[in-house]
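The values are calculated or read from the model by the stated rules, or taken from the named source; none is laboratory data. All of these numbers come straight from a predicted model, not from anything done at the bench. When we count neighbours, we look across all protein chains shown, and the Cβ atoms used for this are built from the backbone with ideal geometry, even at glycine. The area values use the complete protein model at the heavy-atom level, side chains included, leaving out ligands, DNA and RNA. Shrake-Rupley method; radii C 1.70, N 1.55, O 1.52, S 1.80 Å.
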Amino acid sequence: MACKILCLSLLLLLYLLLRSFEETGGSAIAGEHRIRGTNQIRTPRFKAIKQNEEKNNQFSVTPRRKKPNDRPELWPHWHKGLLPYAGHPGLLTATVTPGVNLGMNEYLVDVLIGTPPKRRSLILDTGSDLTWIQCAPCRDCFDQREPYFDPRRSNSFQNISCHDTRCRLVKSPPDLSRPCDANDSTQTCPYYYNYGDSSHTTGDFAAETFTFNLTSATGNSEFVRVKNLIFGCGHRNRVNFRGASGMLGLGRGPLSFSTQLQYLYGNAFSYCLVDSNAGRNATSKLVFGSSRNLSGHRPMNFTSFVTKRPNLDETFYYLQIESVSVGGEVLTIPKETWEVSPDGSGGTVIDSGATLSFFIEPAYEIIREAFAKKVRGYPVVEDERFDLCYRASGKEELDMPEFRIAFDDGAEWNFPAENVFMRFEPEGIVCLAILRIDNDWFSIIGNYQQKNFHVLYDRGESRLGFTTMRCADV
């Protein structure tokens, strides 16, 4: 009798464990545990700036150098089934706010997800593809302002099965206790998306309805629902965004939000990033579709994306730099510095999820020395966070050299001093908002340099547009 009772108890325990595993969508990673001190984990970053971030945990980049993906190009074959909503001509818009109020230097996009729609704040990131949100039950998650998104309370949430061809767009988590079976239409597709510093998100790959504000050509506005957008419902997220609920991936790959929306609202999107000093309530817009109104009909400068070259990562928006100037002086930098090498390193990308700009050597040292030579009238001060800082107490406007990037097709991007030097109060110091990056990576134009510019990613024409704009007025 005692043996029977023991056997029944073990069977009951096994049943409860299996049920708990199924409730997580089969996405649990064996042996995973909660990390202590998650406030030390920031937005994915390069090892080159790890030391700087440990000293001052607020400057982040989101370069995600992923290994070449051997999955097939599935997007053209299933986009119609993915987006059954028959859209109307117009622009989809979402509100963008600086994350400075949350102690972060990324920009946040308000999205409405699920049915009924729930508002969540996601980091605006053109340097990654997957959009993901922290979901309940959250097994290993960072703190956020809003409640975790609960898919069980959404009438439109749909898990993607392992049998679904869309499951082939994502990697499965390592050490799964139950591998994803492509022949099983009942098993939920688990995803694993990792970043450059080994931080990652894991959960269930799913489809959901997102609600946007649609502005027609006549100026009328209404809310519309876009069904079956794919995203990650994250249950274990080894990153820390200090209040954000996840990531809005706007890269070039098939998982990207911009890729999914291109068949409805045009293959372009744009944003205008407000200065973090514009006020606590300052906001601007992220727009899917091409709009001249955002820039106030100002003429835009355009430079082509680098696309038809080997060893390019499909996620990133590469730009071809010809030269850079400091204070009007064209710097002598070897041309090969701006080229993508056979191993995939080098070149330059634009990334809204990276706070600062980063340059590989010898470009960085030449740029830093040029600023050090041309800045006059400001005492040099030491700062452990940056390589070049000055005392600027009591000076409201900075008299600093401008920074200019010239592209190989003739376009030029001129950055004013306030986009090049970062001010710290009440210390009264300003620092060059450009840092060094390891040469096995690539150079990055970050969001600090992009503030108060209307930036247009014209994916259909494979080009980047930019023009000055007071973004707080948009």
Label-point separation in nm, S185 to T95, each point 7 Å along Cα→Cβ: 4.3 nm
Of the trypsin sites (Lys or Arg not before Pro) in segment 236-307, those whose Cβ has at most 15 other Cβ within 10 Å and which sit in DSSP loop: R280, R292
Per-residue ³J(HN,Hα) for segment 401-415, Karplus 6.51 cos²θ - 1.76 cosθ + 1.60, θ = phi - 60°, Hz, x for Gly and Pro: x, 7, 10, 10, 10, 9, 9, 5, 9, x, 5, 10, 10, 9, 9
Distance (nanometres) between label positions extended 7 Å along Cα→Cβ at R391 and R298: 3.6 nm
Estimated Rh, segment 91-291: Kirkwood, alpha-carbon pairs, angstrom: 17.4 Å
Centre separation in Å (Cα based) which lies between segment 109-138 and segment 248-263: 14 Å
Accessible-area value, H163, 1.4 Å probe, nucleic acids and ligands omitted, Å²: 100 Å²
Among the listed pairs K285/K373; K285/K395; K335/K374; K308/K373; K395/K451; K285/K374, those beyond 28 Å (Cα-Cα): K285/K373; K285/K395; K308/K373; K285/K374
Anisotropy class of segment 298-473 from Cα gyration tensor, a/c 1.5 cut: prolate
Dipole magnitude of segment 298-473 about its Cα centre (Cβ charges: Lys, Arg +1; Asp, Glu -1), debye to nearest 20: 440 debye
Magnitude of the charge dipole, segment 91-291, Cβ model with Lys/Arg +1 and Asp/Glu -1, debye to 20: 240 debye
